[in-house]
Amino acid sequence: MSIKEVAEEVITRYILRKSLEDWIDFVERDVVIVGAGPAGLSAAKYLAQAGFKTLLIERKLSFGGGIGGGGMLFHKVIIESPADEIIREIKCHYEEVENGIYIVDSAELIAKLASAAIDAGAKILLGVTVDDVVYRHGEYGGQIVGVVLQWTAVTMSGLHVDPLAIRCKAVVDATGHDAEVLAIVSRKIPELGLEIKGEKSMWTSEGERQILYSTGMVAPGLYVAGMAVAALKQTPRMGPIFGSMLLSGRKVAEEIISRLRTS
Ligand code: 48F
């Protein structure tokens, strides 16, 4: 078997051309989700499935967020009903260990969630950090209308490099425990009245319930899902149980779908 010869400049040309074609399309999106953990991936799947141009931006070079760490690095996580509907939809293997309590392998959950989001049409950018939002205010109050992007490698280097911004109709903070987008908005746009109090100590079931309850829009154009909700609403942390993360992603997607369809 002879392996095809590929010249270096051919590789470079196609990578640049095809990446820039995609980026030009990314400049205006329906929805930008920040953070490719369980909540962000789940939201991306449902938004893309409903036909919305969805971009998921992840700071690291891999997706999955906290799923990969399992429970104290043991490679399993718990899912509780009714989130088993979602793991069945994405065809993730599971074992029902007690009535309504399921256990899955963390690596498979990451792979199947990401694959479901990508197959539905969501685009995922790795190695990019959202470091600000785009904001407009006028007679009828303020609105988040986009996000500001920087290569994570540049952010880590400490070099002063001006970022680029993209426009969208909805931004979802799915950045996990630090609620990074909300924290930026709280600091830079105080008139929106967001205060990040930080999550409370562990109380698993109460945390799961409250995250789901408070998932949704927090300011015009800005939504929150996953553990970022706990940071905003000061609700308890939960540990390696992921039902509410998946359901929170689905809930935020449903809210955005309904708002964008009626606007
Ligand atoms: O932390 P993460 O998994 O958030 P989540 O989807 O799920 C939380 C659970 O993993 C777990 C838990 C469940 O009971 O407690 O912790 O709410 O995923 C957040 C992702 O966002 C990325 C980060 O690298 C991670 O992959 N991220 C954070 N800040 C930014 C970001 C940012 N400014 N720009 C881009 N990505």
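Here are some notes:
- Each eigenvalue of the Cα gyration tensor of the range 185-263, multiplied by 5 and square-rooted, gives one semi-axis; in descending order these are 22, 18, 7 Å.
- Scattering curve values for the range 1-123, log₁₀ I(q)/I(0), Debye with Cα scatterers, q = 0.14, 0.17, 0.19, 0.23 Å⁻¹: -0.71, -0.90, -1.01, -1.26
- The eigenvalues of the Cα gyration tensor, multiplied by 5 and square-rooted, give the range 82-207 an equivalent ellipsoid with semi-axes of 33, 20, 16 Å from largest to smallest.
- With every protein chain in place, the range 29-262: carbon and sulfur % of accessible area (1.4 Å): 54
- Relative to its residue count, the range 29-262 spans a Cα convex hull of 120 Å³ per residue.
- Where N is the number of residues in the range 1-70, Cα Rg divided by 2.2 N^0.38 Å: 1.50
- List Val218, Val97, ordered by accessible area with a 1.4 Å probe, largest first: Val97, Val218
- Average Cα contact separation per residue, the chain, under 8 Å, 6 or more apart, as relative contact order %: 23
- Between the range 34-60 and the range 162-178, the Cα center-to-center distance that results, in Å: 11
- With both labels modelled 7 Å from their Cα along Cα-to-Cβ, the Met202 to Glu89 distance reads 2.9 nm.
- Excluding exposed DSSP-loop GluC sites (Glu not before Pro) (at most 14 other C-beta within 10 Å), longest clean stretch of the chain: 6-138
- The residues of the chain expose on average 53 square angstrom of accessible surface per residue, using a 1.4 Å probe on protein heavy atoms.
- For the chain, calculated [θ]222 nm from helices alone, where every DSSP H run of n ≥ 4 adds -39500 (n - 2.57): -12500 deg cm²/dmol
The values are calculated or read from the model by the stated rules, or taken from the named source; none is laboratory data. Just so we're clear, the structure is a prediction, and the values are computed from it rather than from any experiment. No Cβ is skipped: glycine too gets one built from the backbone with ideal geometry, and neighbour counts run over all protein chains shown. In case anyone asks, the SASA skips ligands and DNA or RNA and just uses the protein heavy atoms, side chains included. Shrake-Rupley method; radii C 1.70, N 1.55, O 1.52, S 1.80 Å.
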